[in-house]
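Just below is one structure, and these are the notes that go with it.
The values are calculated or read from the model by the stated rules, or taken from the named source; none is laboratory data. The structure displayed is predicted, hence computed values, not measured ones. Cβ placement follows ideal geometry from the backbone for every residue including glycine, while neighbour counts extend to all protein chains displayed.
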Amino acid sequence: MKTTFLFRRPLVASSLLVVTVVLAIALAGPILAPHDPLAINQNAVNQASSTQYLLGTDEFGRDILSRLLVGIRPTILVAVISTIIAAIGGTACGIAGAYSRPVLAFFVMRGVDIMLSFPAILLALLAVGFWRSGVVSLSVVIGIIFIPQFARVAQSATLQVIRQEFVEAEHAMGARYLRVVLRAILPNILSPLVVQATLTIAAAILLESGLSFLGLGIVPPEPSWGQMIGTARGYLSQNPMYVVWPSVCLALTVLAINVLGDALRDHLDPRLREN
Amino acid sequence: MKRILQMALAAGLLGLTATSALAGGTLYFGLSGEPSTLDTVIQPGTSGRTVKLAIHRGLVNYGVDGKITPELAESYDISSDAKEVTFHLRKATFHDGSPVTAADVKASLERILDPKGKAAFRNELSIISKIETPDEKTVKLTLSSPSVALVDYLALPESVIVPAAWLAKNADNPTASPIGAGPFKFAGWTRGREIVVKKYDGYYKPGKPDLDEVHYVFYSDENTRVNALKSGDVDIIDYVPAKDAADLEKGPDTELLRNTGPFMGLQFNTKFEPFSKPEVRQAIAYAVDRSVIINTAFNGLGSPIYGIAIPKGYMGYSEAKANYFSHDIEKAKALLAKAGYPNGFEARLLASSQYSFHQNTAIAIQSELAKIGIKVKLDLPDWASRMAKATAADYDFTVLGSLGEITDADWLSNYYYGGDKLVRTNNSPYFNDPQINQLLDKGRATIDKDERAKVYDAFVDRALELSPLVYFMWREQNYAVRKGVTGFTNMPGFLTFQSGLSIENTKVE
């Protein structure tokens with residue numbers, strides 16, 4: 001059943017492959033890297049691809065392939081941790097916004113609206129300006145920024161669920177608030193949240209890369225893809241492939257995660273399922 | 001009727017060609033940043049100085065040949081004991097038409113000397129104890145102690161002369177339109193975009209300036225700035241990134257104006273324990289392979305420094321002491337062990353992500369120091385935060401990329417003098433050596449050239465022994481111009497940051 005689903009959709013299958021490979025590299029990158037990603041070689045600055053340096057070298061003579069392999073880990077780490085923070089925080093806000101005292105619900109959802117009215121990158125710039133950038137602070141900042149999206153999804157899903165009989169039944173049995181939330185609501189709003197999570201991971205990768213591109217993300221000399229693109233931009237005339245490699249990797253990863261997210265949504269949402 | 005029309009048309013055309021033959025045209029100058037202020041007494045960085053030198057002139061200024069040139073003063077005499085300087089003003093006018101008088105000079109200098117003021121070079125100029133104006137065109141300065149360097153400090157863009165009447169009204173108004181006696185008058189400042197200046201017809205040098213209008217456009221991103229020049233949006237850019245120098249030199253539409261003025265090195269917070277020891281600072285001077293910095297952070301452009309950053313031909317330079325250090329890891333390790341850190345230590349290095357050459361120098365130093373066991377953590381904020389941290393001495397050591405403000409040997413005071421202000425932009429915080437202070441005081445007051453050279457020779461010995469600052473390389477400080485732009489000069493040596501002065505000679509096709 002599962003395999004036929006994949007074979008009928010080659011785009012989804014290849015996306016799954018890309019994501020698997022990216023995750024494997026995030027775990028094993030430092031072992032796979034042929035060179036030390038921080039090792040400076042002053043005699044091999046801005047070189048094109050060669051047998052020694054498969055994808056060439058950057059402005060410090062560092063191996064671009066090794067930096068790509070190592071540079072994905074902080075990005076994925078930030079994306080995953082921030083998505084978890086956003087999912088937990090957003091779901092809690094969303095449920096509170098649909099299933100609690102009206103006054104509390106009102107304030108929670110208006111707070112969410114206010115946050116949604118700011119562009120994510122603007123909030124991120126503001127927050128990063130106050131704290132030292134690093135994996136932990138970036139994760140927290142990006143996590144908080146994506147709470148509103150989760151809250152919206154969780155709220156609308158909860159609004160649909162709380163009118164169902166099984167919730168009424170819990171009420172009738174005199175269940176406490178937390179029990180209703182955990183036993184009746186949460187399991188039934190999980191599928192849209194899972195879809196939202198995949199989309200958030202992709203968005204978080206892009207946001208982290210954007211910040212690193214601007215020089216506000218991962219602190220050099222540790223590599224990250226966004227930061228590599230930002231630096232490579234200045235070397236377009238000397239080493240044009242330098243900007244191509246991290247850009248292609250980033251675009252492929254984000255595309256693959258988005259395709260998977262779409263497929264997951266189609267699969268989980270009965271109204272969109274074909275058969 | 002038709003005839004009249006034809007004649008009118010012909011006359012009009014003639015008039016048009018006549019004006020275009022006379023007109024010098026408009027020049028667009030791509031600046032690496034927006035000046036924080038045009039207040040004359042503040043040192044606002046190169047972009048601010050470039051604009052200031054279009055609007056203002058001092059009693060004297062450094063000329064394009066690097067020598068001090070009389071400007072608003074026609075001539076000046078220094079008394080034989082170097083305690084009195086008399087300036088004779090020329091017939092010049094400010095942009096509002098009023099003549100430049102001794103009273104204006106007095107008011108301008110008094111503003112610099114105001115202890116409550118913000119003048120960048122108040123310390124250096126505060127040896128002026130009396131300003132006398134015997135007549136409208138004569139100014140006599142009396143010094144509390146002899147100084148050979150005084151005229152050099154008066155040549156800086158921070159010592160320019162502004163009208164006394166304007167000062168009386170606008171001294172405390174940071175947004176007032178500036179008035180000076182320079183070749184161009186201030187026409188407008190669109191925040192975030194550009195400053196425009198227009199030709200001043202009453203400038204005291206006949207035939208100058210040639211240009212009608214100069215637009216100083218702000219491009220803080222170096223890649224955008226280079227592209228603006230390549231595409232013809234601007235005619236001149238400053239701070240050419242090393243990586244683009246070769247490309248712009250090749251042309252065919254652009255030309256590179258090269259100069260090796262500034263140096264790159266390290267300032268040490270001498271309150272941070274390992275850096276309080278001269279051995280540790282010397283160890284770092286031995287440990288860093290200069291060619292790694294030059295080849296990575298500067299794309300191969302620059303030349304190494306193994307001593308103190310005194311340019312060849314400047315007082316204090318000697319061939320022998322220029323190679324005091326070498327790249328010697330064993331010696332570096334031995335010095336570290338002698339200082340009590342055989343296994344190295346951890347330290348924070350402050351630089352800035354805003355200028356790629358600062359950040360890349362820091363990365364190269366980090367990798368070099370790892371080889372002797374010093375673990376370096378990089379702190380790379382934007383430039384404004386970097387400067388704030390520097391003025392608060394909030395660092396263990398920091399990347400120094402600067403130059404001597406004047407060409408007289410007294411430029412060293414700013415870097416090495418202790419005194420009562422121990423945290424400055426260019427010194428190593430809290431470094432205060434009585435012997436060095438005394439030598440610098442003596443050097444400033446010695447008139448005889450050979451005597452003076454001996455003093456600075458002794459200074460260099462002591463400065464190398466203590467090494468409060470460590471230097472790695474001379475970097476190229478290049479301007480680039482479009483083909484057809486002539487007369488703009490990248491001024492020699494330390495004066496490169498004052499090249500904006502040569503806009504009065506600049507022509508555009």
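Descriptive notes on the structure:
- Only listed residue being within 14 Å of chain B (Cβ to nearest Cβ) and either under 21 Å from A:L32 (Cα atoms) or in a helix (DSSP H, G or I) (or both), chosen from A:R67, A:R73: A:R67
- Within this structure, B:A392 passes the test of being out of contact with any helix residue (DSSP H, G or I) (no Cβ under 6 Å at 6 or more places or on another chain), more than 14 Å from every other protein chain (Cβ to nearest Cβ) and on the phi < 0 side of the Ramachandran plot.
- Test result for A:E208, of a type in the set (D, E) and more than 14 Å from chain B (Cβ to nearest Cβ): yes
- Of all the listed residues (B:I55, B:I161, B:I112), the sole one being under 30 Å from B:Y479 (Cα atoms), in contact with a helix residue (DSSP H, G or I) (Cβ under 9 Å, 6 or more places away or on another chain) and buried (at least 20 other Cβ atoms within 10 Å of the Cβ) is B:I161.
- Of all the listed residues (A:S137, A:S156), the sole one being at pLDDT 85 or above, more than 19 Å from A:P187 (Cα to Cα) and surrounded by fewer than 19 Cβ atoms within 10 Å (Cβ to Cβ) is A:S137.
- Entirely in the stretch B:124-213, the strands (runs of 3 or more DSSP E) that have 3 or more residues that are closer than 30 Å to B:L412 by Cβ: B:128-135, B:138-143
- Output for the stretch A:227-252, where each listed residue is out of contact with any Phe, Trp or Tyr (no Cβ under 7 Å at 6 or more places or on another chain), within 10 Å of chain B (Cβ to nearest Cβ) and either surrounded by fewer than 17 Cβ atoms within 10 Å (Cβ to Cβ) or farther than 17 Å from A:S66 by Cβ (or both): A:R233, A:G234, A:L236, A:S237, A:Q238
- Filtered residues of the stretch A:45-60 (kept if closer than 26 Å to B:D289 by Cα, surrounded by fewer than 18 Cβ atoms within 10 Å (Cβ to Cβ) and of a type in the set (A, V, I, L, M, F, W, C)): A:A48
- Condition met for A:S224 (under 30 Å from B:A364 (Cα atoms), surrounded by 20 or more Cβ atoms within 10 Å (Cβ to Cβ) and more than 13 Å from chain B (Cβ to nearest Cβ)): yes
- Test: B:Q359 is within 27 Å of A:P223 (Cα to Cα), assigned to a helix (DSSP H, G or I), at pLDDT below 95 and not aromatic (F, W, Y): yes
- Just one of the listed residues (B:I284, B:I293) is in a helix (DSSP H, G or I) and within 13 Å of another protein chain (Cβ to nearest Cβ), and it is B:I293.
- Boolean, B:Y306 is out of contact with any strand residue (DSSP E or B) (no Cβ under 9 Å at 6 or more places or on another chain), away from chain A (no Cβ under 14 Å), among the hydroxyl-bearing types (S, T, Y) and in a loop (DSSP other than H, G, I, E, B): no
- Of all residue pairs spaced 6 or more apart or on separate chains, those with beta-carbon atoms under 8 Å, a first member in the stretch B:343-363 that is in contact (Cβ under 8 Å) with a residue 24 or more places away in the chain and within 12 Å of B:V376 (Cα to Cα) and a second member that is among the β-branched types (V, I, T) and part of a loop (DSSP other than H, G, I, E, B) are B:G344/B:I374; B:F345/B:I374; B:E346/B:I374; B:A347/B:I374; B:I363/A:I40.
- Residues of the stretch B:124-163 satisfying the condition of being in contact (Cβ under 8 Å) with a residue 24 or more places away in the chain and β-branched (V, I, T): B:I131, B:T133, B:T138, B:V139, B:T142, B:V148, B:V151, B:V160, B:I161, B:V162
- Residue tally, condition part of a loop (DSSP other than H, G, I, E, B), within 14 Å of chain A (Cβ to nearest Cβ) and either of a type in the set (K, R) or surrounded by 18 or more Cβ atoms within 10 Å (Cβ to Cβ) (or both), over the stretch B:229-274: 3
- Residue in the stretch B:334-341 that is within 30 Å of A:D58 (Cβ to Cβ), charged (D, E, K, R) and part of a helix (DSSP H, G or I) present: no
- When the test is whether a residue is buried (at least 20 other Cβ atoms within 10 Å of the Cβ) and within 14 Å of chain B (Cβ to nearest Cβ), A:P37 passes it.
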